[in-house]
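In what follows, a single structure is set out as structure tokens and then discussed.
What follows is calculated from the coordinates using simple rules that are stated; it is not laboratory data. What you see is a predicted model; the values in this text were computed from it and never measured. Cβ: placed from backbone, ideal geometry, glycine included. Neighbour counts: every protein chain shown.
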Amino acid sequence: MNSDEIKEELKSKGIKNTKAKGSLLHILKNAEAPMDASSLHTASSKEASVNLVTVYRTLQQFHEKGLVQEFPGKDGVSQYEYIHQGANAHPHFQCEKCGKVICLGELGFDDALYFSNMAKQHKVNSINITLNGVCEACL
Ligand SMILES: [Zn+2]
Ligand SMILES: [Zn+2]
């Protein structure tokens, strides 16, 4: 039940459309917060039976093709987030108690410039900022 939009997106990135990949992309696109492989695996099991190895492989491919960004979460577990076209980078907040990752507001142009300038003559491809602390629910 993958939509044409999902199929087109996979095709445009040179990724073979399979039921598993389509459903994983669909979940990532609609997720409100970054997900790790195991939560994605749980979420996808409602739609299609995708094994965990496929989830890992697909995430790796999505990352290589620039569909998702990857960043380290609690205990070094990678978190994945769909990169919405035209959206600016945004920082994340991670709770040290429950491990939840929350998306914060987008960086403005000046903010992005400020961080990019820190790298001086290096070329910046992406900005990942994570604020660590204790979330509202765990306080
Ligand atoms: Zn928490
Ligand atoms: Zn985010």
**Report entry** Over 29 Å (Cα to Cα) - which of 21/100; 16/123; 65/120 fall in this group
**Finding:** 16/123
**Report entry** Virtual spin-label span in nm between residue 132 and residue 4, 7 Å along Cα→Cβ
**Finding:** 4.7 nm
Query raised in the report: When Lys and Arg each count +1 and Asp and Glu each count -1, what net charge do the other residues less than 12 Å away from residue 33, Cβ to Cβ, add up to?
Result: -2
Query raised in the report: By how many nm would the segment from residue 11 to residue 117 lengthen if fully extended, with 0.36 nm per residue of separation less the alpha-carbon distance?
Result: 34.6 nm
Query raised in the report: What full-extension length gain, to one decimal in nm, is calculated for residue 109 and residue 78 as 0.36 nm per residue of separation minus the Cα-Cα distance?
Result: 8.5 nm
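How high is the relative contact order of segment 64-120, in percent, counting Cα pairs under 8 Å that sit 6 or more residues apart? Kindly include the intermediate steps, with their values, before the conclusion.
On the way: 56 pairs, mean separation 13.6, N = 57.
The normalised contact order for segment 64-120 reaches 24 percent.
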Report task. Could you pull the Rg and Dmax for the chain, using just the Cα atoms, both in Å? Result -> 16.1, 47
**Report entry** Interatomic Cα distance distribution for segment 58-139, bins of 10 angstrom, percent
**Finding:** 16, 42, 36, 7, 0
Query - Förster radius 25 Å - calculated FRET efficiency between residue 57 and residue 30 (Cβ-Cβ, nearest 0.05) - result: 0.75
